[in-house]
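One structure below.
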Amino acid sequence: MTAEQIQALNDAFQTFKNEHKGEISNMKTQLDAIETAVARGGNAYGGGSSNAGITSGAAKEHKEKFLAWARKGSDPDGLRGLEIQANLSTLSDPDGGFLVPVEIEKNIERLALASVAMRRLARVVKSKGEYTKPLSKGGATGGWVAEKAARPETDTPELQLFSPPMNEIYAMPSVTQKLLDMSDFDIEAWLLEEINDVFVTTEGTGFITGNGVSQVKGINDSALMVANANWVYGKTGYLTSGHATLLNNADKLIDLQHALKPVYRQNGTWLMADSTFSVIRKFKDGDGNYLWRPGLLENTPDTLLGKPVEIDENMDSIGANTYPIAFGDFKRAYTIVDHVSGVRLLRDPFTVKGYVNFYVTKKLAAGISNYEAIKFLKIAA
């Protein structure tokens, strides 16, 4: 091939590249958007995905720019543009703060999952706004019918809307500007540790004892309990321990387990504080065998009466009129709704001279979605 032919091919390729440059750029942007959306736990078309490790070039560039901004407060306009380019946000309001990069947010989620029992047990969904789901309170009727027999109209089940309000949790760690200026200061690790400590504590408490006023509604609210393991919509059932101040009757654990319908019991889990678990570990049957059985294999959960045990220090300790033990199918019983807006951060270098405050926020909702799927043990005679 002559030099003229090679040059002609190069010119033709360059012409093709110039003509289709916009299309290629658009395709790359779309691919980056898809990859980033997958990295945030979904996909560009609204479905779910488990490929959370994939990050796009735009997302990586966003992370670098975000950490530079966190150190120096530099180029916020460029950071806002990268959020949109990486399909993290379509917002342009700087007062709303900046989105925490995908990798940092995913690490926050993983740490929360490891530290908060209800994150592991409950049903967790994502929502773009207020979450609403119709639930049947029971009462629908039906039955067998012959091929040509009449089908009488059945009773209509009574529906109740489960719509927990969105609430906001925040953390506000503070660091000196001098420390931020040091090149060996790992701001990513520092932010992750500081944010996670607050979020884990706040979420964990809310999912158990939250009163629903400017916070999520937890599972343990004595005002919403009915005795003898009965239940009505809006209230959970409980059994009593048989003693005014102690947990000393192993039979009550069996009663509590069987107070739950078999459809929920088959996926049931015990939930209690470690101090309560310590008491139960010492229970023995009539032959002197311990009721509690530790998991024999690594990563195998400990079991009590054949069901796994989860520990949450936000559960009541044993004492008069407390509810130290819950047993239920928590995926059916409790729903956590994470807002898709993710974790946002505002940088404040002005309030305290020489220090930078990082105001971090996250929106979520939570509440009991099926009161029949959980029961409590109350310490009472």
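The values are calculated or read from the model by the stated rules, or taken from the named source; none is laboratory data. Quantities reported herein were computed from a predicted structural model and do not represent experimental measurements. Note: ideal-geometry Cβ built from the backbone for every residue, glycine included; neighbour counts use all protein chains shown.
Things worth noting here:
- Filter pass, Lys363 being under 19 Å from Phe199 (Cβ atoms) and of a type in the set (Lys, Arg): yes
- Scanning segment 329-359 for residues that are part of a strand (DSSP E or B) and among the basic types (Lys, Arg) returns Arg344, Arg347.
- Within segment 239-275, restricting attention to residues that are in contact (Cβ under 8 Å) with a residue 60 or more places away in the chain, more than 27 Å from the chain's Cα centre (by Cα) and assigned to a helix (DSSP H, G or I), the residue that is surrounded by the fewest Cβ atoms within 10 Å (Cβ to Cβ) is Lys252.
- Residue among Thr335, Thr361, Thr351 that alone is farther than 23 Å from Trp231 by Cβ, in the same structural domain as Asn267 (by TED's automatic domain parsing) and buried (at least 16 other Cβ atoms within 10 Å of the Cβ): Thr361
- Pairs meeting the criteria (first residue in segment 166-192 and outside any strand (DSSP E or B), second residue surrounded by fewer than 17 Cβ atoms within 10 Å (Cβ to Cβ) and of a type in the set (A, V, I, L, M), beta carbons under 7 Å, at least 6 apart or on different chains) are Phe185/Leu179; Ile187/Leu67; Glu188/Leu67.
- Residues located in segment 132-147, provided they are modelled with pLDDT of 85 or more and closer than 30 Å to Val309 by Cα: Lys133
- Scanning segment 311-318 turns up at least one residue that is of a type in the set (D, E, K, R), in contact with a Pro (Cβ under 8 Å, 6 or more places away or on another chain) and under 29 Å from Tyr233 (Cβ atoms).
- Flag if Thr351 is closer than 27 Å to Glu168 by Cβ and over 18 Å from the mean Cα position of the chain (by Cα): yes
- Residue match in segment 148-164 (condition: surrounded by 10 or more Cβ atoms within 10 Å (Cβ to Cβ), in contact with a Lys or Arg (Cβ under 7 Å, 6 or more places away or on another chain), at pLDDT below 85 and within 22 Å of Phe207 (Cβ to Cβ)): yes
- Search result, residues across segment 360-380 that are of a type outside the set (S, T, N, Q), part of a strand (DSSP E or B) and in contact with an Asp or Glu (Cβ under 6 Å, 6 or more places away or on another chain): Lys363, Leu364
- For Ser278, the criteria (1) among the hydroxyl-bearing types (Ser, Thr, Tyr); (2) free of Cβ contacts under 8 Å to residues at least 60 places away in the same chain; (3) assigned to a loop (DSSP other than H, G, I, E, B) hold in every case but one, which is (3).
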